[in-house]
Amino acid sequence: MEDEVVEMPEPLGFHAKELFHRGSEYFEAFKITKDDERLKYPTYFLLVHSIELFLKSFLAAKGVTKRELKKADIRHDLEKLYERCNELGLPKVSYLRDFTREFKDKNSDHDFRYPTSFILRVPSPKLCIEVVDPLREALRPIISEVALRAQIDFAAETFHLRPRKIRFSD
């Protein structure tokens, strides 16, 4: 019985916390590399990916499933992610809407990841930090609360399964 593995979906609160944490890592990496002009495209990939992950963390915290977050029409579309977040009560962050519009096509078309024939215009790193830092800080208490609630619920709901191992099936 101890070696038995029980499979179940990962609680969305856990997923929200993981998305938020990963978004923070990408954002911190952006801040480290922002002044190196040789790394312009990878640096801005880090930025837009952090925004995408922060928005997805909020959506997961509000009950949007992993399957929904992976749908092609929303997956990398920052503007659609923002709009969906806004519908669900995303805290107001100055210029975030403008940023999601600015980076929408560049992120959806993977312009920072793969060579294109375009010369990409991007906001200054300073301005990016002034927008994304407040987004992260506005989401931090929301994600923390949802993650804590998920941990408590998970512990209560799986207590009877001890000492078996649990593997998330999704």
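Note on segment 58-78: residues that are assigned to a loop (DSSP other than H, G, I, E, B) and either in contact with a helix residue (DSSP H, G or I) (Cβ under 9 Å, 6 or more places away or on another chain) or of a type in the set (K, R) (or both) amount to 11.
Checked against the criterion of being open to solvent by less than 70 Å² (accessible area, probe 1.4 Å), within 11 Å of the chain's Cα centre (by Cα) and under 20 Å from F112 (Cβ atoms), the candidates L81, L39, L46, L69 yield just one match: L81.
Set side by side, the residues F103, F168, F112 differ, and just one is over 14 Å from the mean Cα position of the chain (by Cα) and closer than 30 Å to V5 by Cβ, which is F168. Among the residues of segment 30-47, those identified as in a helix (DSSP H, G or I) and either aromatic (F, W, Y) or more than 14 Å from V122 (Cα to Cα) (or both) are F30, K31, I32, T33, R38, Y41, Y44, F45. The criterion of being more than 13 Å from the chain's Cα centre (by Cα), open to solvent by 30 Å² or more (accessible area, probe 1.4 Å) and not aliphatic (A, V, I, L, M) does not hold for F30.
Can you spot a residue in segment 152-165 that is open to solvent by 70 Å² or more (accessible area, probe 1.4 Å), in a helix (DSSP H, G or I) and of a type in the set (F, W, Y)? Checked segment 152-165: at least one residue is open to solvent by 70 Å² or more (accessible area, probe 1.4 Å), in a helix (DSSP H, G or I) and of a type in the set (F, W, Y).
From the list P141, P125, the lone residue that is open to solvent by 70 Å² or more (accessible area, probe 1.4 Å), modelled with pLDDT of 95 or more and under 20 Å from R22 (Cα atoms) is P141.
With respect to F112, determine if the residue is in contact with a helix residue (DSSP H, G or I) (Cβ under 9 Å, 6 or more places away or on another chain), open to solvent by 30 Å² or more (accessible area, probe 1.4 Å) and modelled with pLDDT under 85. Show your work before the answer.
Numbers: in contact with a helix residue (DSSP H, G or I) (Cβ under 9 Å, 6 or more places away or on another chain): yes; open to solvent by 30 Å² or more (accessible area, probe 1.4 Å): no; modelled with pLDDT under 85: yes.
Taking the combined requirement at face value, the residue does not satisfy it.
Within segment 130-157, residues that are closer than 19 Å to V6 by Cα reach partners that are modelled with pLDDT of 95 or more with beta carbons closer than 6 Å, at six or more positions or on different chains, in the pairs A150/P11; A150/G13; A150/F14; F154/P11.
The values are calculated or read from the model by the stated rules, or taken from the named source; none is laboratory data. The model shown is predicted, which means the values in this text are computed figures rather than measured ones. Because the Cβ atoms are built from the backbone with ideal geometry, glycine has one as well, and the counts that use them run over all protein chains shown. These area figures cover heavy atoms from the full protein model, side chains too; ligands, DNA and RNA do not enter into them. Shrake-Rupley method; radii C 1.70, N 1.55, O 1.52, S 1.80 Å.
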